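Trainee: My questions all concern the structure below.
The values are calculated or read from the model by the stated rules, or taken from the named source; none is laboratory data. Model, not experiment: these values are computed from the prediction. All Cβ positions, glycine included, derive from the backbone under ideal geometry; neighbour counts span all protein chains shown. Ligands, DNA and RNA are excluded from the accessible area calculation, which covers all protein heavy atoms including side chains. Shrake-Rupley method; radii C 1.70, N 1.55, O 1.52, S 1.80 Å.
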Amino acid sequence: MKPTKKRGKSRLDKSQPLLRQLAAVPAKLFGAFRQQYGAICFRYCDGGPKIEILVITSRESARWVIPKGWPMKGKKPFEAAAIEAWEEAGVRGAVRRKPVGRYTYLKEFDDGDVAPCIVDLFQIEVTEIGNDFKEQGQRILEWVSPDEAARRVREVELKSLLVEFEPRGQKKSDHG
């Protein structure tokens, strides 16, 4: 019989910058960053210049996040971000093909393992809100100001991207 190694599950202090979090688990410094794709879903308020950003809760810890996920075979990054926005939040719209930013964070898996991740972000101007999507009822969805969205999320780099977020390209709601 193999001796079992009692694994002390070191809890990450996620309020710390990524490098400080990684310093607490040095073995992770040598692992490659894993790629994810996320969506900054937004809409214009009352047809005006002000916008609201969609934040959702994560399924496990109910903390505020944005829709994001892993690369999908046969899908371009912006397509994967759009699929995640639909599956996690039931929103569709005009997706920018080029990332509008990126941030890093430590993904904690169910087994307690962690991996550093880079999330490329794609903007989606929401034109459709569905009520029959894959993760409906598993998350809370709220439309908030960019400042409020930044206050709610945990990742420091994502906070600054949300505060500074300016929609790029043509306003789609003018056409419909």
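Trainee: Can you name the residue in the stretch 98-155 that is in contact with a Ser or Thr (Cβ under 8 Å, 6 or more places away or on another chain) and within 24 Å of residue 75 (Cα to Cα) and is also most open to solvent (accessible area, probe 1.4 Å) among such residues?
Mentor: 127
Trainee: Could you check how many residues of the stretch 38-78 are in contact with a strand residue (DSSP E or B) (Cβ under 8 Å, 6 or more places away or on another chain) and either touching a residue at least 60 places away in the same chain (Cβ under 8 Å) or not aromatic (Phe, Trp, Tyr) (or both)?
Mentor: Matching residues across the stretch 38-78 total 26.
Trainee: I've got another one for you. Quick check on my filter: what residues within the stretch 158-173 are buried (at least 17 other Cβ atoms within 10 Å of the Cβ) and outside any loop (DSSP other than H, G, I, E, B)?
Mentor: Scanning the stretch 158-173 gives 158, 159, 161, 162.
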